[in-house]
Amino acid sequence: GELGKAEEIYRQCVDFCSQNDFTRHAAMARLGLARVTALQGDFRRAVAVTRECLAVLRREKYQNSIAFALHDLGEYACELGDLDSAKESFVEALQLFEKIGMPGGTAACLRGLAEVAKNTDMNDRAVRLFGTTAAYFDLIEESIVLLAHDHSGSINSLHEELGEEFDALWHEGRGMSINQAVKLALDGGQRHKILDETQGMKKLSRSWLQT
C-alpha cells in the first residue's frame, strides 16, 4: 500500500520535472523510484534505473546527487552479492561526501564498506567500521535521503563468530573518529586522493571528532 503510493508520487514527480526540463529533479525522482523498486525486491531493476540516473547526474555535474546515487548503487550491489561493484560505488560516494562536507553520507558509506568487509572475510575491519558508524548515528539523526538498510543480521553474525573478540573490536570502533574509519576502510589506511579541491573541501573536524 504505502510503497504503491510512493511509487505513484515519484512517477508524478518524474512526469512534472521532465515536462518542465528540471533535469536534476527528474533524475532524483527516478532515484526514488529505484528505491521503491529495491524495497519491492527487484534489485537488478533498481541498479539499471540508478545507473541511468547517474549518467544524467554526471553529465550535469551535480556532485551531491551523484554521491547519493553511488551510495544507493553500493547498497543494491551488496544485496546482489556483487561486492567489487559495491566497494567501488561506496568508495567513490565516500570521497564525494567528504569533498562536499557531508559526514552523515561518509558514515553511511563506511557502514556499506563494513558490509563488504564482512562478506570478504575481513571481520576485524567490519566490526570496527560497524562500531564507528553505530556511534556516529547515535549522535545524529540519520538523513532520510540515504537508504537505511538493516545491517543487524551481519552484526549479529559477526558477534556469534568472534565471541569476546567482537566486544573489544566494537569498542575500538566506537572510539574511532570518522576520519580514522575512512583510513581503515580504504585498504591499509591509505586515503585515496580527492581531486578538484579548488571547490574548497569542508573538513570533517567541523562536524565530528577527528584526530
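The values are calculated or read from the model by the stated rules, or taken from the named source; none is laboratory data. Fair warning: this is a prediction, and the values are worked out from it, not measured in the lab. When we count neighbours, we look across all protein chains shown, and the Cβ atoms used for this are built from the backbone with ideal geometry, even at glycine. What goes into the accessible areas is simple: the full protein's heavy atoms, side chains included, and nothing from ligands, DNA or RNA. Shrake-Rupley method; radii C 1.70, N 1.55, O 1.52, S 1.80 Å.
Filter region 93-111 for residues that are open to solvent by 10 Å² or more (accessible area, probe 1.4 Å) and under 23 Å from Thr37 (Cα atoms) and give the result.
Arg111
Answer with yes or no whether Ala114 is out of contact with any Asp or Glu (no Cβ under 7 Å at 6 or more places or on another chain) and surrounded by fewer than 17 Cβ atoms within 10 Å (Cβ to Cβ).
On the way: out of contact with any Asp or Glu (no Cβ under 7 Å at 6 or more places or on another chain): yes; surrounded by fewer than 17 Cβ atoms within 10 Å (Cβ to Cβ): no.
For Ala114, the condition - out of contact with any Asp or Glu (no Cβ under 7 Å at 6 or more places or on another chain) and surrounded by fewer than 17 Cβ atoms within 10 Å (Cβ to Cβ) - is not met.
Looking only at region 198-206, decide whether some residue is at pLDDT below 90, in a loop (DSSP other than H, G, I, E, B) and among the small types (Gly, Ala, Ser).
Taking region 198-206 as the starting set, the residues that turn out to be at pLDDT below 90 are 198-206.
Checking the rest, the ones that are also in a loop (DSSP other than H, G, I, E, B) come to 200-203.
After this cut, where a residue has to be among the small types (Gly, Ala, Ser) as well, the list is 200.
So far as region 198-206 goes, yes, one or more of its residues are at pLDDT below 90, in a loop (DSSP other than H, G, I, E, B) and among the small types (Gly, Ala, Ser).
Taking interchain pairs and intrachain pairs at least six residues apart, which have beta carbon atoms under 8 angstrom, with the first residue in region 44-58 and in contact (Cβ under 8 Å) with a residue 40 or more places away in the chain and the second open to solvent by 20 Å² or more (accessible area, probe 1.4 Å) and assigned to a helix (DSSP H, G or I)?
Partner pairs satisfying both residue conditions: none exist.
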